[in-house]
Amino acid sequence: MEEESYGSSERSSTSSEESAPYSTDNSSHATDPMNSEEEEEESSSSDDYPSKRRKHGPIVEEEDRISTLPDSILLTILSSLCTKDAVRTGVLSKRWAYLWTFVPSLRFTDYYFRHAADYASFVDNVLLLHRASKLTNFSVEVEYNPELKPRVDLWVRFATTAKVDQLSLLLSSCFYKLPQHLYANEFVSELDFRACEIKPNGLVRWSSLKRLCLWNVALPKDVLNKVLLGSPRLEFLELRNCDKFNRLDIVSESLKKLVMDSYCEDGLELEIVAPKIESLEIIGEFYGMKKCQIKNASALVEVRVDFEITMEYEEEEQEEDHYKNCENVVRELFESLHQVKKLIVGRWCLKVLSIMSVKHLSCPVLNCKCLTMKTSMEKWNLPGIASLLQSSPYVETLVIDIIFSNHDSEFLDRIYDEVNHWKSKEVYFKSLLQCLKTVKIFGFGQRFHTKDVFILVVEFLLKNAKVLEKMVITEPWVMQNGIHNMQLKFLQVSQKLLSFPRSSPHAVVMFPF
């Protein structure tokens, strides 16, 4: 059959050649699948070389230490390259001529090709010359069109015949329907599909699969159930910009981590039922999402909520309705996270918490012991920071990650007086920071125009955290890159922080200098 044409003769002769597979008297150009245009460029450059050598005097040849390394190490090095670069090493010398044909990792990207036909021909030629009997990794990244389907089918067959461990099909423009034989594979441990149609006719049998990443894939309920039931060892599942579902019933006993990254359809009402999941990430953009709840997640320990609900609106009234919806989504989500021990809150969620706080709507009480806040330290972050601290009485470790933010804050600016609001909250904090022992601050120094807000937060923490042991402020970008005037500003702020009174007699403020 045509599907078995790739490398069949090469594989059958591999065992007889492996004792000395990389030594040959043939020209290295015979194994180079690159086009003749590149060969002409190489020959012209080599013709110019003697004249350059005469002009600059004799060149002392240095010892080629890389070529003396064992084949296993050289193959490891070549495996870290994209396949086109690995193939190019075949022209270096006879020692390298056939080495690339035994590389166990093949990664093809169309980035270096102007036309899909040239890319497909290159992949075909490499597979015809490839000799390794086992593949650890096979990756295809291409702007797909239906004319490529027979070729991609053959490439997938080649990979599965070589018992590939990690298979990636990263396609764009059009959708590629996975061949049915791929659903019965006992060797693959990692699958990464983008713009692929997953439609198994029968059962899915991925008995060794541990990691599955799906991008831009339609996932009706019956398809997802088939995948989960057919993957008894699956530990990691990532759904990136997938659609056609609004409820995730994670029935897998083995799945430990779920990543939900973006959703392209309007009006999503998401429910995640995951009794065995230990780690959950909800990140990216969700257009017009109406609901997000976690149910029956008793094993959940770590959660990252770093997403944004986007919506197009033209009038101020529509904006207010949008934020009311956002408030409901965030409140219901946080209510379902009360048992989580480690929580990471992204900048957009912090913004919504700020809006809720200004409206005197409290954040649900959380039992987390490690809380991370991603914040730009703008003035409108203060209500959200205050609300989170007020709702997290058991926090022992607080991480403040200062990042750049381009979020529009006009809505908050219209309704918020940051100083008075923060002062009004202080009376509540005195009885709530009883467990805080460690504060870690990342990123300060990149945004000195926000230093007043930063100083206000640090001063408050030092003043009210009665059992605080250490506050660690990591080395900022300005200290790493030696910008003198910025370094002076950072040192001035540092001195001010050290002068603040501390409620805990054991509190130490640590700087990276």
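The values are calculated or read from the model by the stated rules, or taken from the named source; none is laboratory data. Everything numeric in this text was worked out from a predicted model, so none of it was measured. Here the Cβ is made from the backbone with ideal geometry for all residues, glycine too, and neighbour counts use every protein chain on show. Just so you know, the surface numbers come from the protein's heavy atoms only, side chains and all, with ligands and any DNA or RNA stripped out. Shrake-Rupley method; radii C 1.70, N 1.55, O 1.52, S 1.80 Å.
Using the Cα atoms as the points, what is the convex hull volume per residue of region 68-114 in Å³? Provide the component values of the computation, followed by the final result.
Details: hull volume 3.2 nm³, N = 47.
Taking the convex hull of the Cα positions in region 68-114, it is 69 Å³ per residue.
How large is ³J(HN,Hα) for each residue in region 190-199, as worked out from phi by the Karplus curve 6.51 cos²θ - 1.76 cosθ + 1.60 (θ = phi - 60°), to whole Hz, x for Gly and Pro?
Result, rounded to whole Hz: 9, 10, 9, 10, 10, 6, 10, 8, 9, 9.
Might you report the magnitude of the Cβ-based charge dipole of region 160-274 about its Cα centre, with Lys and Arg at +1 and Asp and Glu at -1, to the nearest 20 debye? Let's see the in-between values first.
Details: 15 positive and 16 negative charges, 81 e Å.
Dipole of region 160-274, to the nearest 20 debye: 380 debye.
If you count only protein heavy atoms with a 1.4 Å probe, what accessible area per residue comes out for region 68-114, rounded to a whole Å²?
Values: 2290 Å² over 47 residues.
Value for region 68-114: 49 Å² per residue.
Starting from the amide H of R205, placed 1.01 Å from N in the peptide plane, find each other amide H under 5 Å away whose residue is 5 or more places distant or on another chain.
A184, N185
With +1 assigned to the C-beta of every Lys and Arg and -1 to the C-beta of every Asp and Glu, and no other charges, what is the dipole magnitude of region 68-114 about the Cα centre in debye, to the nearest 20?
Numbers: 6 positive and 3 negative charges, 30 e Å.
Dipole of region 68-114, to the nearest 20 debye: 140 debye.
Tell me, what % of the accessible area of region 68-114 is carbon and sulfur with a 1.4 angstrom probe?
Values: 1360 of 2290 Å².
C and S atoms contribute 59 percent here.
Taking θ as phi - 60°, what are the ³J(HN,Hα) couplings along region 281-297 by the Karplus curve (6.51, -1.76, 1.60), each to the nearest whole Hz, with x for Gly and Pro?
Per residue, the Karplus-derived 3J(HN,Hα) values read 10, 10, 9, x, 10, 10, 6, x, 4, 9, 7, 8, 9, 10, 10, 6, 10 Hz.
So which of K290/K342; K359/K470; K342/K463; K199/K341; K437/K496; K276/K379 end up more than 28 Å apart, counting from Cα to Cα? List each step's numbers first, then the result.
Details: K290/K342 25 Å; K359/K470 34 Å; K342/K463 25 Å; K199/K341 38 Å; K437/K496 21 Å; K276/K379 39 Å.
Going by Cα-Cα distance, K359/K470; K199/K341; K276/K379 fall outside the 28 Å limit.
Hey, what do the phi angles of region 266-278 turn into as Karplus ³J(HN,Hα) couplings, whole Hz, using 6.51/-1.76/1.60 and θ = phi - 60°, x for Gly and Pro?
7, x, 5, 10, 8, 10, 10, 10, 8, x, 10, 5, 9
Could you order Y287, Y323 by accessible surface area, starting with the largest, using a probe radius of 1.4 Å? Please list the in-between numbers first.
On the way: Y287 75, Y323 15 Å².
Putting Y287, Y323 in descending order of accessible area: Y287, Y323.
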